[in-house]
């Protein structure tokens, strides 16, 4: 649906070409408007399309990203009451880090990084960068598993005795040309992934206390958020 909206939005000036070229009360055509006016109208429509396409693609992309963020939040919130979103913690190696989502499961905590892309995603577990191809657009981005490994470690430092796992979730409409790593999934797979995920033996006896420790470690004050933004910048 979003792909259709993007296509229509970016083509509006060309769709409106007949209306632009029409003279009120007359049919349109080369003989009706004159060669110069007709070709000028075509050129203007093409020019407007180039300008409008960039803006429309940006707006549709932001809307798609926003919808993806809502989807993963809803899935996690339905799954468990023990969920944190946009959680700031002390970094594993200093500074601060932001965890997109953390959820307590039957055997441990999943540290989730959400990535929003559409199209095809290429990348291996050990590759430093992955590639996204969406139509004619091609971009490189950091391996999200490597990115989230530091965040997973930061969360692990808060509760050393609790198993913490690294999970990457793509919230857009993506395809993988080859099977992705087992801890890279799409948002539609989150619920079943959590239901089937097994951490293994754990010595934790009081899970409520462990989760309370995580919540207490989260930095929610405005100063911490400003520090994180300054660190990113």
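Quick notes
- Condition met for residue 167 (within 29 Å of residue 216 (Cβ to Cβ), assigned to a strand (DSSP E or B) and within 18 Å of the chain's Cα centre (by Cα)): yes
- Residue selected from region 181-199 under the condition free of Cβ contacts under 8 Å to residues at least 40 places away in the same chain and part of a loop (DSSP other than H, G, I, E, B), by the criterion surrounded by the fewest Cβ atoms within 10 Å (Cβ to Cβ): 182
- Residue check for residue 75: touching a residue at least 24 places away in the same chain (Cβ under 8 Å) and in contact with a strand residue (DSSP E or B) (Cβ under 6 Å, 6 or more places away or on another chain): no
Residues checked against (1) in contact (Cβ under 8 Å) with a residue 12 or more places away in the chain; (2) exposed (fewer than 14 other Cβ atoms within 10 Å of the Cβ); (3) under 24 Å from the mean Cα position of the chain (by Cα); (4) under 21 Å from residue 88 (Cβ atoms):
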site: 163; (1), (2), (3), (4): yes, no, no, no
site: 179; (1), (2), (3), (4): no, yes, yes, no
site: 201; (1), (2), (3), (4): no, yes, no, no
site: 212; (1), (2), (3), (4): no, yes, no, yes
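FYI, it's all coordinate maths here, none of it is from the lab. Values in this document were obtained by computation on a predicted structure and should not be read as measured data. Note that we place each Cβ from the backbone using ideal geometry, even for glycine, and neighbour counts take in every protein chain shown.
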